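Asker: Take this structure, written in structure tokens, and hold onto it; I'll ask about it next.
Readers should treat all values here as calculations from the given coordinates under stated rules, not as data from a laboratory. The shown structure was predicted, so the numbers you read here are calculated from the model rather than taken from an experiment. When we count neighbours, we look across all protein chains shown, and the Cβ atoms used for this are built from the backbone with ideal geometry, even at glycine.
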Amino acid sequence: MVLVVGTGVGGAIIAMELAKSNIPVTIIEKGPFADVKDSYKYYDEINGYLDLSKTTCVGGSSVVAAGNGVRLLEKELKRYNIDISTELDEVEELIGVHQLDDSHFGEGTKKFMDAAKSIGLSVIKMPKFIREEDCIQCGRCAWGCPNDAKWTSQDFIKIAIENGAELISKSEVTDILTENKVVKGVKIKFSDNSTKTIESDIVVLSAGAINSAIILQRLGLKAGEKLFMDPFVTVGGVLKNINYSNEVTMNALIKGKNFVLAPHYSVIINQNLNDDNIKKEDILSIMIKIPDDNHGKIVNGKVIKENTIKDIRFIAEGAATAGAILVEAGVDPNTITSTHLRGAHPGGTASIGDIVDNNLKTKYEGLYVSDASVIPEAPGAPPIIAILALSKRLSKHLIDKLSN
Ligand SMILES: Cc1cc2nc3c(=O)[nH]c(=O)nc-3n(C[C@H](O)[C@H](O)[C@H](O)COP(=O)(O)OP(=O)(O)OC[C@H]3O[C@@H](n4cnc5c(N)ncnc54)[C@H](O)[C@@H]3O)c2cc1C
């Protein structure tokens, strides 16, 4: 039996692929199986000065994802003798990545695209894993889609269960059990604090970049260093009655040299403006996201993240470009404000080459890591497709190994 720890992006696809191949799978998940529309209730608390957004529930952070499906890391991973080209193709097909129909572009997004073009920037429609027929264009992707219009890892967990996998939710894996450098199982803690051990000679750790690292540290591995999180700010201002906050979020993309830009509403813009006459419907705003230096670490269960001078330069370059677009789009320049720095793509804490080999195996026989932890460098762009591809590649490796 294979134990999969975590039902997010990295864990769900492995559980599904193994179960479909008739391999017995038990999935252990810390959070509950919640309705996707209630996902916003499962955000973890804010961590220090830099908000690090992630959720604890079945589906992991995929339940609050904006549905952006960007193909990444193909070239970078070749340096580690990993070719994910085939898996990227398979994953894009599996979750239906495509650019949305024109009917799903609102006025704010169109203004963003037109303004960017008119100042000489190259802008594309964002590849999405959202089904137009179900999408009601409400702007609530990151709260949990109210109409199940977006792929989430819950979809794969349901298929895994249909194919015989067992899901144990509301149960936290606290420790990996080993003997003579061979994995033997896991220790889990239930919500009433009782504990139990489950035996298995193959454990796939997919608890996300923060929690997988904490579990690996307890095993004595030097995980939890080199943390990145693709920091971002949202910069915006007033364009009366633009109604962007109700559009499909992040539906267009500009790839700069050191940053990416996408239209994005944040309530923090209204909070900063602090004027009752300015409604959320009056804001046009843009997210600036960068690939940060991996200078974060996890110490005693806490995230410590410093941003380097280079990170700040990249954010400033992106913010300057965003400001030019906003003004060209008609935003009142006297109202432009920014959110503080936040992050939603934690990764790098058990990276390929350091903690896992190119089959995502640790130095413990039978112990694998399959989530954003293994990504060696910050992508600076949405990583779901790359995590899915890496995890699909691992599932093929395990199916091969277990059938021989
Ligand atoms: C608001 C938001 C929007 C985003 N939008 C996009 C997007 O549009 N496109 C994109 O590519 N990326 C997006 N991301 C990033 C993406 O969601 C993450 O990079 C991705 O989910 C990381 O996958 P993972 O497998 O590493 O971790 P997760 O998906 O977070 O999964 C980890 C799972 O492990 C569980 N867990 C944790 N600890 C334990 C434990 N001890 N025992 C058992 N279970 C445990 C968690 O509850 C969770 O289910 C977004 C993130 C956020 C927060």
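Asker: Can you tell me which of 276-285, 346-355, 227-236 comes out highest on packing, and rank the rest after it, using the mean Cβ neighbours within 10 Å?
Answerer: On the way: 276-285: 18.2, 346-355: 24.6, 227-236: 26.4.
The densest-packed peptide leads the list: 227-236, 346-355, 276-285.
Asker: Oh, and also: Okay, helix-only estimate at 222 nm for the chain: each DSSP H run of n ≥ 4 adds -39500 (n - 2.57), divide by all residues, round to 500 deg cm²/dmol; what do you get?
Answerer: Working: 9 runs with 108 residues, N = 404.
My calculation for the chain gives -8500 deg cm²/dmol from helical runs alone.
Asker: Using bins 5 angstrom wide from zero, how does P(r) for the stretch 236-350 break down, in % of all Cα pairs?
Answerer: 2, 11, 20, 21, 17, 13, 9, 5, 2, 0
Asker: Output the peptides 243-254, 31-42 sorted from most to least packed, where packing is the average of other Cβ atoms within 10 Å over each peptide's residues.
Answerer: 243-254, 31-42
Asker: Over the chain, consider all pairs of different Cα atoms and compute the Kirkwood hydrodynamic radius from their mean reciprocal separation; express it in Å, one decimal. Show your work: numbers first, answer last.
Answerer: On the way: mean 1/r = 0.0466 Å⁻¹.
In the chain this quantity evaluates to 21.5 Å.
Asker: State the percent of C-alpha pairs, over all pairs in the stretch 164-306, separated by a distance greater than 18 angstrom.
Answerer: Working: 7085 of 10153 pairs.
The share of Cα pairs beyond 18 Å in the stretch 164-306 comes to 70 percent.
Asker: Would you work out which of 103, 32, 308 lies farthest towards the positive end of the dipole of the chain? Charges go on Cβ: Lys and Arg +1, Asp and Glu -1.
Answerer: Checked the options; the winner is 308.
Asker: Averaging over all projection directions, find the projected area of the Cα convex hull of the stretch 131-190 and quote it in nm² with one decimal place. Don't skip to the answer; put the middle values down first.
Answerer: On the way: hull surface 26.7 nm².
Value for the stretch 131-190: 6.7 nm².
Asker: Right, next: To the nearest 20 debye, what charge dipole does the stretch 148-210 have about its Cα centre, counting +1 at the Cβ of each Lys and Arg and -1 at the Cβ of each Asp and Glu?
Answerer: On the way: 8 positive and 10 negative charges, 33 e Å.
So the dipole magnitude of the stretch 148-210 works out to roughly 160 debye.
Asker: Tell me the Kirkwood radius of the stretch 1-74: reciprocal of the mean inverse pair distance over distinct alpha-carbon atoms, in Å. Can you show the working numbers first?
Answerer: Numbers: mean 1/r = 0.0727 Å⁻¹.
Evaluated over the stretch 1-74, this radius sits at 13.8 Å.
Asker: Let me ask something else about it. Length gain on complete extension for the stretch residue 258 to residue 197, per 0.36 nm per residue less the alpha carbon to alpha carbon distance?
Answerer: 17.3 nm
Asker: With a ≥ b ≥ c taken as the square roots of the eigenvalues of the C-alpha gyration tensor of the stretch 166-222, please select rounded if a/c is under 1.5 and otherwise prolate if a/b is larger than b/c or oblate if it is not?
Answerer: Values: a/c = 1.65, a/b = 1.25, b/c = 1.33.
It comes out oblate by the Cα gyration axes.
Asker: Here is a follow-up. Over the C-alpha atoms of the stretch 269-315, what are the Rg and the largest Cα-to-Cα span, Dmax, in Å?
Answerer: Considering the stretch 269-315 through its Cα atoms, Rg and Dmax are 16.4, 45 Å.
Asker: Mind putting a number on the dipole of the stretch 103-210 about its Cα centre? Charges go on the C-beta only, +1 for Lys and Arg and -1 for Asp and Glu, and I need it in Debye to the nearest 20. It would help to have the intermediate numbers written out before the result.
Answerer: Working: 15 positive and 15 negative charges, 95 e Å.
Once rounded to the nearest 20, the dipole reads 460 debye.
Asker: Using the crude model of +1 on Lys and Arg Cβ and -1 on Asp and Glu Cβ, and no other charge, please compute the dipole size for the stretch 293-404 relative to its Cα centre, in debye to 20.
Answerer: On the way: 12 positive and 12 negative charges, 90 e Å.
That gives the stretch 293-404 a dipole magnitude of about 440 debye.
Asker: Hey, got the Cα dimensions of the stretch 101-173 along the principal axes, in Å, largest first?
Answerer: Principal extents (largest minus smallest coordinate, Cα): 54, 27, 21 Å.
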